[in-house]
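Written below as structure tokens is the structure these notes are about.
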Amino acid sequence: MTSVFNFTFVPWFRSVAPYIHKFRNQTFVVGIAGEAIAAGKLQHLAQDLAMIQSMGVKIVLVHGFRPQVNEQLQAKGHAPRFSHGLRITDEVALDCAQEAAGQLRYEIEAAFSQGLPNTPMAGSTVRVISGNFLTARPVGILDGVDFQHSGL
């Protein structure tokens, strides 16, 4: 054991130990923006959340996917439309949202399943359950704007 280890790690570990004890068997709901995933932050996020989970914290991950939907729309030559800060989801946008959500779900599950040797995820036992656990309510028509398939 080096003196650096003694003088940096041990005091730090002592300072975080009460939090590890306090949050064991608790559930954290973590929200991540689609922009963070698009910026390549998913692997580091998965590693950090796997570490938190290894300390006995249950994780619920909720993710956005606006840039991924916009990318799909752009690839199909369809401009995204918004009103009142909400996407107007027509048939094309709905198809793009379903494609983007499916692809992102696959990427997230893969990120948590990488227990490759010589990586921070080596030996991790993260179990992933994914699905659509919420039912949105239709926005309907707001100030004369038909939001079609958009929901809250």
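Each reported figure results from applying straightforward, stated rules to the coordinates on display, with no laboratory input. If you're wondering where the values come from, they're calculated on a predicted model, not measured in any experiment. Methodologically, a virtual Cβ is constructed for each residue, glycine included, from the backbone with ideal geometry; neighbour enumeration extends over all protein chains shown.
Distances between placed amide hydrogens fall under 5 Å for G151 paired with V139, all partners being 5 or more residues away or on another chain. Database remark: amide H of A33 closer than 5 angstrom to the amide H of G64 (H placed geometrically; neighbours at sequence offset of 5 or more, or on other chains; Pro and chain starts carry no H). Note on the chain: Rg/Rh from C-alpha atoms, Kirkwood Rh, equals 1.10. Among residues other than G131 with Cβ under 14 Å from its Cβ, the summed charge is +1 (Lys and Arg +1, Asp and Glu -1).
So what is Rg over Rh here for segment 89-152, counting just Cα atoms and using Kirkwood for Rh? Intermediate results must be reported in sequence, preceding the final value.
Numbers: Rg = 17.7 Å, Rh = 14.6 Å.
Ratio of gyration radius to Kirkwood radius: 1.21.
Scalar couplings 3J(HN,Hα) for segment 28-39, obtained by applying the Karplus form with A = 6.51, B = -1.76, C = 1.60 to θ = phi - 60°, are 9, 9, 10, x, 10, 6, x, 5, 5, 5, 4, 7 Hz; x denotes Gly and Pro.
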